[in-house]
Amino acid sequence: MRFPFRSVARSCKAVHKLRQSPFLLPDCAVSRHQRIAVLSHQCKDERSYYITTPIFYVNASPHLGHLYSAVIADCLHRYKLLQGFNSKFSTGTDEHGLKIQQAAEAAGKDPLTFCTDVSERFKHLFSSCNISYTDYIRTTEQRHRQAVEHFWSVLWKKGHIYKGHYEGWYSTQDESFLTPMQVDDAVDSSGKEIKVSLESGHKVEWMKEENYMFRLSAFRSQLLDWLRGNPQAVQPEHFYQIVLQWLEHDLPDLSVSRHRSRLQWGISVPNDPEQTIYVWLDALVNYLTVAGYPDNHDQWWNVAHHVVGKDILKFHAVYWPAFLLGAGLPLPQTIHVHSHWIAGGKKMSKSLGNVVDPLQRSQLFTTDGMRYFLLRQGVPDSDCDYTDHKVLKLLNAELTDSLGGLLNRCTATALNPAQVYPSFCPLSFPREQGGRAVVEDYLMLDAVKNLPAVVEQHYESMHVYKALEAITACVRQTNGFVHRHAPWKLDKRNSKEQRWLDTIIHVSLECLRVYGTLLQPIVPEISNKLLSRLGVQPGERSWAALNFLPTYQGMDCPFEGRALGSDTGVLFSRLESQNVDEQKHNKAKRKKN
């Protein structure tokens, strides 16, 4: 059995094949007619794209991992916009559950006030860090309640939910049910013997109550078929293999409600006010809520992509697809999984005092600086180590010296007194060797010409760090090109020398234009500054407008002879460790006072 909900680019071919051939269907999946309708709809809207972050739990203030998820999704959203897609990008907060109920009580606030206060902190962080979401969803909104109640009713009517008894381990901290194999013995701070989750280390308690169960066990084979037929459904490969391993074992039915006496803060089960819907079923439906569910959601839901942390992989790659199959809805196109950030080689914790405040660091290193660092150093399939020294060293080397130095050199009045995009001379840099250019120069042109395709591949697979590695390598080559030919040593009184100088600057500015365009999803403010300095207009910054060095191909260059934009100073100011230490000290001092 194969599931046709794959890349939109292949959807039109899939429609034709599906109409021509018999198709095996899971009992609870959509009908053949519905599938054709879905794919036909995709043909019309194949330039639509929907990217989501997890909705973040409001039991505490945002941390570095939350910002990392948001920056990844923001990067993919901006990239798709550059490619001409109609892109929707959602984030938000998960506000129901026992943890929130307890945290609100401890803070002496009613739950909604507590949730609103923390949710505003997430909004402030995302606003400060240039996260360009198009929808911010809160699970306490009426539109979400209606979506959850409808989704529950569909599962109930289809017979996938039944009333029964749950008896087993439950972690309030993780809002997760666990099997005996996922639990271990431990001792708490007072020396008392307790049970903990093997995965998170959080305390678990034995729970026995009447509630509603979802027939998760019935969907194991269909989930396996989906994954085996869609090897790109969970990325990177490491996490795809983990999900396959989970599915090799039987899946126990999942408790999807809690008794109201235990959990009041949540959405009531339709027609049973004594039960509250399980927080994860409630939360996962947020992706459908934003898409417009239950009405007019096809355009977006058929092109859904999720960005999630590895700690919530099972909820997104096992429970969520099973719920969707049960409701007869398409499965997500891709679940992009990332690992965690640690600090100084250790897990961040308040007790160790190594928690990194993402808002404070974005103010310290600038918004674009933090975005660049997280995406340059973040490797999706392994945990990443954060230190302030690493940030400072990386940003100074790659943004200040390499990229900023190249721009300053090529737009300086000493080399470019007319402050224009100078002309390219094909005699100086012919397509066949024989001019002033050397072998390394031709290699550089090939690298920059191929760079958009390389970057596109890495953006699509969420290996943004590899895209930045490729861009950085090309920036180094361009710096090497300028240093190699030392245009500052050329005699401007000699017309031949002047043409070669202009050609060096023209080629360098063309390289910079490509880098600035490709970096827009990563560092939007820096890219805007760079492209504006080159005189590149807003309508000339799309993926389609890249067209590197057209004069080399014998075509007209729209930038040749155009005045450069105004000089607004250095591209990225050098960071000094002394200043960083002082700011951190002052921040700590203010907190004490």
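For this structure, a couple of remarks:
- Computed with a 1.4 Å probe on the full set of protein chains, the accessible area for SER402 sits at about 20 Å².
- In this structure the amide hydrogen of SER176, modeled in the peptide plane, comes within under 5 Å of the amide hydrogens of SER171, none closer than 5 places in sequence on its chain.
- The calculated FRET efficiency for ARG493 paired with GLU432, based on their beta-carbon distance and R0 = 30 Å, is about 0.55.
- The range 401-563: translational diffusion in µm²/s, Stokes-Einstein, Kirkwood Rh over Cα pairs, 4 °C, 1.567 mPa s: 81 µm²/s
- Inter-part distance where the range 80-122 and the range 273-333 are each reduced to a Cα centre, Å: 17 Å
- For the chain, the longest principal axis of the C-alpha atoms and the axis of helix 220-229 are separated by about 10°.
- Averaged per residue, the chain has 43 square angstrom of accessible surface, using a 1.4 angstrom probe with ligands and nucleic acids left out.
- Angle between the chain longest axis and helix 111-128 axis [Cα atoms, degrees, rounded to 10]: 10 degrees
- For LYS88, the residues whose modelled amide H falls within less than 5 Å of its own, excluding neighbours fewer than 5 places apart on the same chain, are TYR49, TYR50, ILE51.
- Heavy-atom accessible area, probed at 1.4 angstrom with all protein chains present, ranks MET462, MET181 as MET181, MET462, highest first.
- Per-bin percent of Cα-Cα distances, the chain [10 Å]: 3, 15, 24, 23, 17, 11, 6, 2, 0, 0
- For the residues MET207, MET555, a 1.4 Å probe over the protein chains yields an accessible-area ranking, largest first, of MET555, MET207.
- Solvent-accessible area, 1.4 Å probe, carbon plus sulfur percent, for the range 287-330: 39 percent
- When the solvent-accessible area of the range 401-563 is split by element, carbon and sulfur atoms take up 51 percent of it, the probe being 1.4 Å.
- Using alpha-carbon coordinates, inclination of helix 64-82 to the longest axis of the chain, degrees: 60 degrees
- Shape call, the range 283-422: gyration tensor on alpha carbons, a/c limit 1.5: oblate
- 222 nm mean residue ellipticity, helices alone, for the chain (DSSP H n ≥ 4; -39,500 (n - 2.57); rounded to 500): -13500 deg cm²/dmol
The values are calculated or read from the model by the stated rules, or taken from the named source; none is laboratory data. Since the structure is predicted, the reported quantities are computational estimates derived from the model, not experimental observations. Note: ideal-geometry Cβ built from the backbone for every residue, glycine included; neighbour counts use all protein chains shown. Just the protein is used for accessible areas: all its heavy atoms, side chains included, with ligands, DNA and RNA removed. Shrake-Rupley method; radii C 1.70, N 1.55, O 1.52, S 1.80 Å.
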